[in-house]
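For reference, the structure discussed in these notes is given below.
All of the numbers you see were taken from the coordinates with simple rules; none came from a lab. On a predicted model such as this, the values are computed, not experimentally measured, just so you know. Note that each Cβ is placed from the backbone with ideal geometry, even for glycine, and that neighbours are counted across all protein chains shown.
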């Protein structure tokens, strides 16, 4: 019975909006709560992407992924050093609370890459009808920068014109 109650208390919701609310709390709360950091880690491990528009509304300002990463790095460092005892106390009902708290920072660094890496979608302007169309390619920006693309063929979804393209022909759009 106690485990069922604990699971209900500790189990975070798993939506992008929930993650945005969690990030807002971590970034703005004047007090440190172990539950918020527990929820953050669960969402991070499940590779949930936060709703960045909602986060911007909650914070009252748009934040770049780089700024978010810097601020979270500081918060995680503080939570695992300066406030480590508070985190341990707040999470005392967890079965392996010491392991969880002691490994928190390394787990954060292990899982954070997906949070700060965004995919880009590649579009093209058809050389036949001049309309933009989706190439159906989605990669990380880093991977795109490393790609060598020359003479690749794409069929326009509007007019069926066969486009032969090079890397410089792609129109890059960040995915949400």
Quiz item: If you go through region 105-118 one residue at a time, do you hit one that is touching a residue at least 12 places away in the same chain (Cβ under 8 Å), over 21 Å from residue 27 (Cβ atoms) and surrounded by 15 or more Cβ atoms within 10 Å (Cβ to Cβ)?
Solution: no
Quiz prompt | Matching strands (runs of 3 or more DSSP E) fully within region 81-172 where at least 1 residues are closer than 30 Å to residue 70 by Cβ | solution = 119-125, 132-140
Self-check item: Residues of region 41-62 classified as in a helix (DSSP H, G or I) and either under 17 Å from residue 73 (Cα atoms) or without any contact (Cβ under 8 Å) to a residue 60 or more places away in the chain (or both), total
Solution: 12
Exercise. Count, please, the residues in region 63-80 that happen to be touching a helix residue (DSSP H, G or I) at 6+ places or on another chain (Cβ under 8 Å) and assigned to a helix (DSSP H, G or I).
Key: 11
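Are any residues in region 22-34 over 20 Å from residue 114 (Cβ atoms) and surrounded by 16 or more Cβ atoms within 10 Å (Cβ to Cβ), and if so, which ones?
Restricting attention to region 22-34, the residues satisfying the condition of being over 20 Å from residue 114 (Cβ atoms) are 25, 28-34.
If the condition is that a residue be over 20 Å from residue 114 (Cβ atoms) and surrounded by 16 or more Cβ atoms within 10 Å (Cβ to Cβ), then 25, 32, 33, 34 are the ones that fit.
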Practice problem: Hey, can you tell me all the residues within region 149-168 that are without any contact (Cβ under 8 Å) to a residue 24 or more places away in the chain and closer than 13 Å to residue 129 by Cβ? | Solution: 155, 160, 162
